[in-house]
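Chemist: Quick one: structure below, then a few questions.
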């Protein structure tokens with residue numbers, strides 16, 4: 001009988017990021033995973049980007065209002081970087097140091113995709129901003145929730161109801177198709193860090209797929225050595 005998966009022994013918490021296009025179900029699934037980890041006695045917090053800390057939440061309002069788009073993709077990248085710097089220093093890094101698992105709805109990959117790949121911001125600028133804002137901090141696991149664009153946009157419309165579309169939901173179909181492909185490219189380039197989750201299913205099925213990915217990437221299974229007889 002195979003022994004159960006053993007939790008990581010390091011005192012540092014684990015950093016798990018959720019990425020994906022609009023309507024991919026990140027908000028639903030991040031809460032479900034947090035509940036499961038907390039039930040397993042692994043202290044866990046949920047946060048988001050842009051936002052997650054007092055200063056970053058102010059910048060979030062500016063970005064989603066459309067002001068960032070008016071200033072151009074380079075300036076928008078700087079706004080995200082400023083928000084990320086505050087978020088990491090005030091919340092993410094301290095929580096990880098205390099042994100807390102941090103689940104983040106979007107992180108640096110979103111800037112690579114939205115402003116870098118789609119907005120055509122110079123990759124050198126994107127990398128420079130990452131060095132300044134996050135340094136050596138990298139997610140232990142990035143879960144990329146993937147759904148067909150038409151499905152995601154339909155979900156986004158249903159989610160917001162009568163409210164107006166935000167800065168990114170209001171973009172055209174081509175924009176969202178490019179987002180999806182950019183995320184899948186990141187997953188292909190960094191398979192050890194990233195797991196693509198087919199999120200075009202009911203929430204229970206998607207949650208099970210996420211748990212499997214987390215188990216496979218972050219937990220180890222102790223397999224007894226075979227013994228031989230003389």
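None of the figures in this text is laboratory data; all of them are computed from the coordinates on show. None of these values were measured; they are calculated from a predicted model. A quick note on method: Cβ atoms are made from the backbone with ideal geometry, for glycine too, and the neighbour counts reach across all protein chains shown.
Chemist: Under 19 Å from the 7 Å Cα→Cβ point of residue 67, by amide nitrogen: which residues of segment 85-100?
Modeler: Residues 85-87 qualify, since their backbone N sits under 19 Å from the label point.
Chemist: Where does helix 203-218 land angle-wise versus the long Cα axis of the chain, in degrees 0 to 90, nearest 10?
Modeler: The angle comes out at about 60 degrees.
Chemist: Something else about it: How long are the three semi-axes of the equivalent ellipsoid of segment 27-84, in whole Å, if each is the root of 5 times an eigenvalue of the C-alpha gyration tensor, listed from largest down?
Modeler: Working: eigenvalues 185, 22, 14 Å².
Over the Cα atoms of segment 27-84, the ellipsoid semi-axes are 30, 11, 8 Å.
Chemist: Round to the nearest 0.05 the FRET efficiency obtained for residue 40 and residue 131 when R0 = 41 Å and r is the Cβ-Cβ distance. Mind showing how you got there, number by number?
Modeler: Working: r = 35 Å, r/R0 = 0.84.
It comes out at approximately 0.75.
Chemist: Scan (i) 76, 36, 31; (ii) 80, 44, 23; (iii) 59, 40, 30 for the value of Cα extents along the principal axes in Å calculated from this model and give just the label.
Modeler: (i)
Chemist: At 1.567 mPa s and 4 °C, plugging the Kirkwood radius over alpha-carbon pairs of segment 11-107 into Stokes-Einstein gives what diffusion coefficient in µm²/s?
Modeler: So the translational diffusion coefficient is about 92 µm²/s.
Chemist: What is the helix-to-structure angle for 54-64, meaning the angle in degrees between its Cα long axis and the longest Cα principal axis of the chain, kept from 0 to 90 and rounded to the nearest 10?
Modeler: Its long axis makes an angle of about 60 degrees.
Chemist: Then there's this: Relative to the longest principal axis of the C-alpha atoms of the chain, give the angle of the C-alpha long axis of helix 73-87, reported between 0 and 90° and rounded to the nearest 10°.
Modeler: That helix lies at roughly 50 degrees to the long axis.
Chemist: Taking 22 Å as R0, compute the FRET efficiency from the Cβ-Cβ separation of residue 138 and residue 75 and round it to 0.05. It would help to have the intermediate numbers written out before the result.
Modeler: Details: r = 26 Å, r/R0 = 1.17.
Working from the Cβ atoms, E equals 0.30.
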